[in-house]
Each structure stands twice: as structure tokens, then as C-alpha cells.
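Below is one structure; the comments refer to it alone.
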Amino acid sequence: MAVVTGSAGLVGAAATRLFAERGLEVHGIDNDMRRAFFGDAASTLRTRMELEREVDGYTHCDADVRDREALEKIFRKLGARIRVVIHAAAQPSHDWAALNPQVDFAINANGTLNLLELTRAHCPEAVFIFTSTNKVYGDTPNRLPFVERETRWELPDDHPYGRHGIDESMSLDQSLHSLFGVSKTAADLLVQEYGRNFGLQTVAFRAGCITGPKHAGAPLHGFLAYLVRCAVTGEPYEIFGYRGKQVRDNIHAHDLATAFWEFFQKPRRGEVYNIGGSRHSNCSMLEAIEIAERLVGRPVDRSYSDTHRTGDHIWWISDVRRFQSHYPDWRFRYDLLSIMEEIHEEARARFASR
């Protein structure tokens, strides 16, 4: 049996489908907070209804990860039958966190603490998988010696991170974190310490940009999905800073879910992995816009602001070799173009007639 928080979100839904396909009964916890964060267009209700209709053995629980009492009822009822807890619920936006820091911290940090404590009390043998973020590193990546190229910032070819990306040895300290980065860092460290102090089988996956056709993209979160939606609908798209040459690696939610599965099969304690598209799947904003324009056959209505977001990265590519060394059977299924083609097909189906 699996418990998945944020089960109607991008990562949670992908994990729900994969783990159910591979034989686990799934209890999903999701209260559509994404709608509260980003408005009706970002609601996960549609995905929840699809899961309830299409996934055998799926049970939905409309609960908030901040509500210890509601979570206690779920964990007490399921008890030791829980084999894995996949924690994908989060407040995911820098900008939203700055406007609502107490709510952001309560969801991301306190919500994680609730789940760790309940796992320790009711199913201590369960595997605990946490969807962390590369934002735990703050703006330390921005100190790297970038070289400006025509469409992107890049590292010199001979830089240690240049060939494979940034590994887990990068420091979390002495850097500017957004408030979102702080709340996720607190949660990330809690996950590690519950592994090291209490012996739980825990892991924090520090992800780059997670994406896919089911992503409910919004201006404050969901880079590729929101860009493609704007390309399809003709809505204006705004680039924030770095001349649009900031680089992101992009991992399909299905590929992340398969990484979760590999860890579940052979868990470790207090583990941390950088995970993302790596050199396999990455782009700058300008490069992503060019692909989106090719997909829709017309220019994207874009504007530019010199102001970048606090704690935002100029360049992020994940070095996934440590995870691959521990789990050599894991492979990418999607590259950047196949990701964007899937997102485009979904966006056309949902938004083209509007």
C-alpha cells in the first residue's frame, strides 16, 4: 500500500499511476491547494477525478498536510500496511512564498514534519520519499563562471560541473534563499535526519524543473507547461531577467516516478539525490520559446523584465550520476522535445478552442 500526498498534482498523479500499475493500493491525499495558490486554471480537481475514475485501487482523501488530526486518522487506519509514503504535496512558488511566508512554511516544513512523525509512529518500516528541490542550494549556483552564448548561459567546457551538471556536494550555506527555498530546505533536512536519527528509510530527491502534459502551469510556477499554454492560446508570456538565457533541466514526471520506484525497491536511510533532466533534457527560456513557436506555427507574444526572481538560478543542470550509480536500471524515457510535444498535445486539447 502507498500513501501519496499531493496525489492530484503533477508528481503525485504520476507516482499514483505508476505504483498502482505495479500492484500497490494507493491512498491519495490532496485538497486542491494549487487552486488557492494560482487560481482556477491551476486546479487539480480534473486530475483527481481522472484518478478516481481510471486507477484501480485508488482512494482519495481530501486532507491538508498541515492538519495533523486528519492525517493521524489516515495513518492510524492504514497502519503497518503502508509500504511507502510519497510526499509530493507542496507550496511550490518563490513569489507566493514571499507574500505568504507563514503559510508556505507551514505547508512545506511543518507538513513534512507531520508526515515523518506519523510514519515513525504507525509504519516505521515504510519507505519515505520526499520531493525536494534544487532551490535548497539557494543562489550558490549563480556564482559559477558562466559564459554568455547566443541563446543560453553556459559553463566553460573544462569546469567540473560543465559536462554533467551540479552534484550533491554543493553547499546549502552562505547563499540567498527565497522563502520557498528555506521552507523546502527545512523539510529536506528533516527527511535526512529522520533517516539518520530514527532509522527511517528516507530520501530527498532534489529536483530541477519537473514537467509533463498534466502540469497545471501558472505564471508563478510550471515553466514549460505555462509557456506552451501561452503559445497555444495567444496569452502573453513574460520573461524575468537574465536576458531569457537562464537554463533549466526538465524531467518528465513519469521519469521521476520511476526513480521513486527504483528507490522503493532498494531503499536507503537519510539519502539525498539531485534529480532532473541533466544534460539529457535541458533548455534556456529562449530555446524553449523557439520550440514552442515551432509547435504552434506562430510567434509567442512575449515581453521581458530586467528584474529576476529572488533566489532564481541563472543555470541549473542536475548531475544525476550518483543516483544512477546506486540504481543502474533507471533510465530516462523522455527528452526535451518529446516532453514539449506531449505538453503541446494536451494544451491543444484543453485550450485551443477557447
Discussion item. Checking the structure you have, find out if any residue of the stretch 252-265 is touching a residue at least 40 places away in the same chain (Cβ under 8 Å), closer than 23 Å to residue 169 by Cβ and surrounded by fewer than 19 Cβ atoms within 10 Å (Cβ to Cβ).
Written reply: yes
Worksheet item: For residue 333, all conditions in the list (1) over 20 Å from residue 239 (Cα atoms); (2) at pLDDT 95 or above; (3) surrounded by 15 or more Cβ atoms within 10 Å (Cβ to Cβ) hold save one; what is the number of the exception?
Response: (3)
Response to the item:
Of the listed residues (168, 117), the one being acidic (Asp, Glu), at pLDDT 95 or above and part of a loop (DSSP other than H, G, I, E, B) is 168
Worksheet item: Can you tell me which of 70, 36 is assigned to a helix (DSSP H, G or I), surrounded by fewer than 15 Cβ atoms within 10 Å (Cβ to Cβ) and not β-branched (Val, Ile, Thr)?
Response: 36
Practice prompt. Please verify whether the stretch 310-327 includes one or more residues that are in contact with a Cys (Cβ under 7 Å, 6 or more places away or on another chain) and within 21 Å of residue 284 (Cα to Cα).
Written response: no
Worksheet, complete the sentence: Checking 126, 80 in turn, the sole residue that is of a type outside the set (Ser, Thr, Tyr), crowded, with 20+ Cβ neighbours inside 10 Å and either at pLDDT 95 or above or within 21 Å of residue 191 (Cα to Cα) (or both) turns out to be 126
Worksheet item: Do we have residue 66 as in contact (Cβ under 8 Å) with a residue 40 or more places away in the chain and not hydrophobic (A, V, I, L, M, F, W, C) here?
Response: yes
Practice prompt. Examine the stretch 273-284 for a residue that is over 21 Å from residue 161 (Cβ atoms) and among the basic types (Lys, Arg), and state whether such a residue exists.
Written response: no
Fill in: Subset of the stretch 175-190 that is aliphatic (A, V, I, L, M) and farther than 15 Å from residue 107 by Cβ - its residue that is surrounded by the fewest Cβ atoms within 10 Å (Cβ to Cβ)
176
Worksheet entry | Criterion: aliphatic (A, V, I, L, M), part of a loop (DSSP other than H, G, I, E, B) and within 15 Å of the chain's Cα centre (by Cα) - qualifying residue of 187, 216 | 216
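The values are calculated or read from the model by the stated rules, or taken from the named source; none is laboratory data. These numbers were taken from a predicted model, which means no experiment stands behind them. We place every Cβ from the backbone using ideal geometry, glycine too, and count neighbours over all the protein chains shown.
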